[in-house]
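> I'd like to ask some things about the structure below.
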Amino acid sequence: MSQKHPQSWLHLGQTALLSTALASALISTATAEPSTAPTAFLPEISITASPLTSDATQLALPSQAVEAQTLAEEQPNSLGTALGELPGVTQSGFAAGANRPIIRGLDNFRILVQENGVPANGASALSEDHGVPVNAASADRIEIIKGPATLRYGSQALGGVVNVLNNRIPSAPLTDTTGSLSATVSSVNNGHQESLKIETGADFGDSSNNISLHLDASNQHASDYEAPNAAGVEVNTATKSQSVAGGAAFHFATGYFGLSASTIDSQYGLPAPEDPDEPITIDMRETRINTKFVFDDLGEWGNSLTATLGYTDYTHDEIEGGLAIGATFDIEEWDGRVEWLHPAIGTMEGAIGLNGFTRDLAAGGEAEELIAPAKTNSIALFLFETLPLSESLDLQMGARAEHVEVEGTAFDTATLTESARSRSFTPLNASLALVQSFGEDWVASLNGQMVQRAPDALELFTKGPHHASETFELGNADLNVETAYSAEISLRRYSSPFTFEVSAYASQFDGFIYKHLTGRTCDHDYVSCVAAPTEELSEALFVQRDAFFWGAEAQAKWSLLTTSEGVFGIDGQADFVKARFTSDAAGSGNVPRIPPLRYGLGLFWETDNVNARINVLRASKQNSVADNETSTKGYTLLNANINTQMEIGNHQLDIGLVGHNLLDDDIRLHSSIRKDEVLQPGRDVRLVLTAHF
């Protein structure tokens, strides 16, 4: 590690000056957003979990959301950072620019990341060093569905769905011009981030016709971040990114259609390189175009019809030593979806849908040694139904049939030859759930599911070195469908002053696919692999074993004191997941990279103009390790923030101060494959300014 930044706090002073400029800018702007009232922990609104209801109390699957106010106050620089401290959610922590959410110990090909309902994984599921091409700072809301959500979203949602909502295709008519301008500086990495959002619209013709427009842009730059306890900086963790997006929607009496386009360009370093003289930097670029059609009134033909179509062009370059491009990954993908809310059949309501995608993966340079070009096609039919059994008891049912074809080049380790292979899979999924309400305060749910996932092209056809992750990866072209039998029970209370949610779950996996570290090391071809730590790359095989996952999550909020000035209270959370292999293969039996037990408490004060909280999250030591995996010590994470809203005329300026890891504790994430080499960031203080107009 190198020495610390000599001017880590310089940008704090610069942003204090910037606040004056932002306040001045408000004088000439239009209508401001109103002050935010104290939060009441009301039922979350979830458009991701169900096509039939927006009330989270009526959902069988547990859902969470990070709201616009929290996102604006904290300005997260990655999706993993935004979600990683929620109950049941952790982060991959590979690099500052490559940080995916992990849900209940599951990640990569089992977690589907979406933007406005359209898949947005890019190449992030292919490897831990690949970033998620989504700008978390531009989000209005991020929704998380924990547990198997494959019935509506397909095989890649076996572990859950993360849906980033940013209204780039305005879903409701706009008639005023509104927007926000934000600036953030951080001490831990001498970083700064700026973002802009503007929305406007106007009626034309009769009052039922409207054109609405959206624009957002962001810029982010950070140097290598400081490690805890005066250990210097974590080398090659600098990041920078820029994004621009725009969209438009035409609203008419019975619905709307719209189009959006976005581009993101991100560069970030990978810490602890195998060759310190040639550190690897990632240059990630993506262009995405989405369209959406919504018809809200179909008369006797049903309640609504929604269709989306998305196109993604993604490129990921791995630059060695700051000069030459060593490896390139290119992905071109089309995603389509149609969902019809059919007429009620007696008291039963439901939706029938069709969705599919086609994805072309190409690799260049050294990446050609890892995987040859591959193509995946998927088409699926699904249905989701709700049947009231009484005034307080609902039965929710779902089913999905999917056909997946994967084409690529397989490598035979016995003959050291390659051959073209084509695999076809038919994952089937079914679910059954009961949701019971008790008065207006309590909701209990019980659900069971059988879900299946087809292997990804990378799991089938990888065949060589991946220097960015320092692994030599070997797929298995004979992998079968992965099947999970899951059950979950939950109890929720959403009425103040005491609200809580607790859930327990279990999943039996038949043929769980995972990346197994063999303990062997390799150079640049398979014949170089030896049973000794003498080569640069760790051998990793994609294999299947039966496994059993189980765990629980809880969160609660108690408003202890409510006055005319505001609300003071306490909140808490806890989560754990255990995962062991149940087949008879030799080894420790533990599934790798499973997060430890976490628990925490917080205090909050909420008023019309000031929100403040302090919370501590304790992660226990993880001793349940897999083969060739080391234990990870626990840590204590202390965070605090305060946000105040100032009225300037008819406008609003938000000023926030956010502290993260205030104890400067050494944090290593057991879910990270680089946790033995890389510490997470040390103490960080951020100043966040947001002007609303």
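The values are calculated or read from the model by the stated rules, or taken from the named source; none is laboratory data. Bear in mind the structure is a predicted one, so any value in this text is a computation, not a measurement. Note that each Cβ is placed from the backbone with ideal geometry, even for glycine, and that neighbours are counted across all protein chains shown.
> Do we find that residue 175 is β-branched (Val, Ile, Thr), closer than 27 Å to residue 650 by Cα and assigned to a loop (DSSP other than H, G, I, E, B) in this structure?
yes
> Another one. Condition test on residue 72, is it more than 13 Å from the chain's Cα centre (by Cα), outside any loop (DSSP other than H, G, I, E, B) and at negative phi?
yes
> Here is a follow-up. Going residue by residue through region 456-475, is there one that turns out to be among the charged types (D, E, K, R), over 21 Å from residue 109 (Cα atoms) and touching a strand residue (DSSP E or B) at 6+ places or on another chain (Cβ under 7 Å)?
The answer is no, given that none of the residues of region 456-475 is among the charged types (D, E, K, R), over 21 Å from residue 109 (Cα atoms) and touching a strand residue (DSSP E or B) at 6+ places or on another chain (Cβ under 7 Å).
> What about residue 544, is it modelled with pLDDT of 90 or more, assigned to a strand (DSSP E or B) and more than 19 Å from residue 462 (Cα to Cα)?
no
> Considering only residues that are of a type outside the set (A, V, I, L, M) and touching an Asp or Glu at 6+ places or on another chain (Cβ under 6 Å), look in region 104-121 and name the one that is farthest from residue 675 (Cα to Cα).
119
> Go through region 611-647 and give me each residue that's buried (at least 16 other Cβ atoms within 10 Å of the Cβ) and of a type in the set (A, V, I, L, M).
612, 614, 616, 617, 619, 625, 626, 637, 638, 640, 642
> OK, next. Could you check region 537-568 and list, in sequence order, the residues that are touching a residue at least 24 places away in the same chain (Cβ under 8 Å) and more than 30 Å from the chain's Cα centre (by Cα)?
Selection gives 560, 562, 565, 566, 567, 568.
> Any idea which of 571, 523 is over 16 Å from residue 628 (Cα atoms), over 21 Å from the mean Cα position of the chain (by Cα), without any contact (Cβ under 8 Å) to a residue 60 or more places away in the chain and buried (at least 19 other Cβ atoms within 10 Å of the Cβ)?
Testing whether each residue is over 16 Å from residue 628 (Cα atoms), over 21 Å from the mean Cα position of the chain (by Cα), without any contact (Cβ under 8 Å) to a residue 60 or more places away in the chain and buried (at least 19 other Cβ atoms within 10 Å of the Cβ) leaves just 571.
Yes/no matrix, rows are residues, columns are (1) within 23 Å of residue 191 (Cβ to Cβ); (2) out of contact with any strand residue (DSSP E or B) (no Cβ under 9 Å at 6 or more places or on another chain); (3) in contact (Cβ under 8 Å) with a residue 12 or more places away in the chain; (4) not basic (Lys, Arg):
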| residue | (1), (2), (3), (4) |
| --- | --- |
| 69 | yes, no, yes, yes |
| 77 | yes, no, yes, yes |
| 94 | yes, yes, yes, yes |
| 110 | no, no, yes, no |
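> Further question: Would you kindly identify the strands (runs of 3 or more DSSP E) lying entirely within region 560-662 that contain at least 2 residues that are among the basic types (Lys, Arg)?
Those strands (runs of 3 or more DSSP E) span 567-581, 610-619.
> Would region 362-372 turn up any residue that is under 24 Å from the mean Cα position of the chain (by Cα) and either surrounded by 15 or more Cβ atoms within 10 Å (Cβ to Cβ) or free of Cβ contacts under 8 Å to residues at least 40 places away in the same chain (or both)?
No, region 362-372 contains no residue that is under 24 Å from the mean Cα position of the chain (by Cα) and either surrounded by 15 or more Cβ atoms within 10 Å (Cβ to Cβ) or free of Cβ contacts under 8 Å to residues at least 40 places away in the same chain (or both).
> Taking region 130-164 only, how many residues are part of a helix (DSSP H, G or I) and more than 12 Å from the chain's Cα centre (by Cα)?
8
> Of everything in region 334-361, what is out of contact with any Gly (no Cβ under 8 Å at 6 or more places or on another chain), crowded, with 18+ Cβ neighbours inside 10 Å and among the acidic types (Asp, Glu)? Give them in sequence order.
The one that is out of contact with any Gly (no Cβ under 8 Å at 6 or more places or on another chain), crowded, with 18+ Cβ neighbours inside 10 Å and among the acidic types (Asp, Glu): 349.
> Only residues in region 220-234 that are more than 28 Å from residue 135 (Cβ to Cβ) count as the first member; pair them with residues that are acidic (Asp, Glu) and in a strand (DSSP E or B), Cβ under 9 angstrom, at least 6 apart or cross-chain, and list the lot.
Cβ pairs passing all conditions: 232/226.
> Restricted to region 666-693, and to residues that are of a type outside the set (A, V, I, L, M) and part of a strand (DSSP E or B), which residue is farthest from residue 272 (Cα to Cα)?
Filtering first and then ranking leaves 692.
> Restricting to region 161-190, what's the tally of residues that are of a type outside the set (S, T, N, Q) and touching a His at 6+ places or on another chain (Cβ under 6 Å)?
Of the residues in that region, 4 qualify.
> What about residue 132, is it over 28 Å from residue 445 (Cβ atoms) and either in contact with a strand residue (DSSP E or B) (Cβ under 6 Å, 6 or more places away or on another chain) or surrounded by 23 or more Cβ atoms within 10 Å (Cβ to Cβ) (or both)?
When the stated conditions are applied, residue 132 passes them.
> Based on this model, can you work out whether residue 330 counts as free of Cβ contacts under 8 Å to residues at least 24 places away in the same chain and within 25 Å of residue 476 (Cβ to Cβ)?
It is false that residue 330 is free of Cβ contacts under 8 Å to residues at least 24 places away in the same chain and within 25 Å of residue 476 (Cβ to Cβ).
> Quick check on region 288-308. Is at least one of its residues under 20 Å from the mean Cα position of the chain (by Cα) and among the hydroxyl-bearing types (Ser, Thr, Tyr)?
No, every residue in region 288-308 fails to be under 20 Å from the mean Cα position of the chain (by Cα) and among the hydroxyl-bearing types (Ser, Thr, Tyr).
> Could you list all residues from region 75-106 that are polar (S, T, N, Q), in a strand (DSSP E or B) and surrounded by 24 or more Cβ atoms within 10 Å (Cβ to Cβ)?
Listed by number, the list holds a single entry, 90.
> For the condition farther than 26 Å from residue 119 by Cα and not polar (S, T, N, Q), what is the one hit in 250, 204, 257?
204
> Same structure again: Could you tell me how many of the residues in region 237-257 are buried (at least 19 other Cβ atoms within 10 Å of the Cβ) and in a loop (DSSP other than H, G, I, E, B)?
2
> Scanning region 258-301 for residues that are of a type in the set (S, T, N, Q) and over 20 Å from residue 130 (Cβ atoms), which turns out surrounded by the fewest Cβ atoms within 10 Å (Cβ to Cβ)?
291
> Something else now. For region 265-305, name all the residues that are assigned to a strand (DSSP E or B) and under 26 Å from residue 211 (Cβ atoms).
Answer for region 265-305, where residues must be assigned to a strand (DSSP E or B) and under 26 Å from residue 211 (Cβ atoms): 287, 288, 289, 290, 291, 292, 293, 294, 295, 304, 305.
> Inspect region 355-366 for any residue being modelled with pLDDT under 95 and in a loop (DSSP other than H, G, I, E, B) and give the result as yes or no.
Yes, that holds for at least one residue.
> Same structure again: Among (1) part of a strand (DSSP E or B); (2) surrounded by 16 or more Cβ atoms within 10 Å (Cβ to Cβ); (3) at pLDDT 90 or above, which single condition is residue 327 missing?
(3)
> Now a separate question. Report every pair of residues separated by at least 6 positions or lying on different chains whose Cβ atoms are under 8 Å apart, first residue within region 607-622 and in contact (Cβ under 8 Å) with a residue 60 or more places away in the chain, second outside any loop (DSSP other than H, G, I, E, B) and among the charged types (D, E, K, R).
That search, which allows pairs on different chains as well, returns 611/73; 617/598.
> If you go through region 193-218, how many residues are out of contact with any Leu (no Cβ under 9 Å at 6 or more places or on another chain) and surrounded by 21 or more Cβ atoms within 10 Å (Cβ to Cβ)?
1
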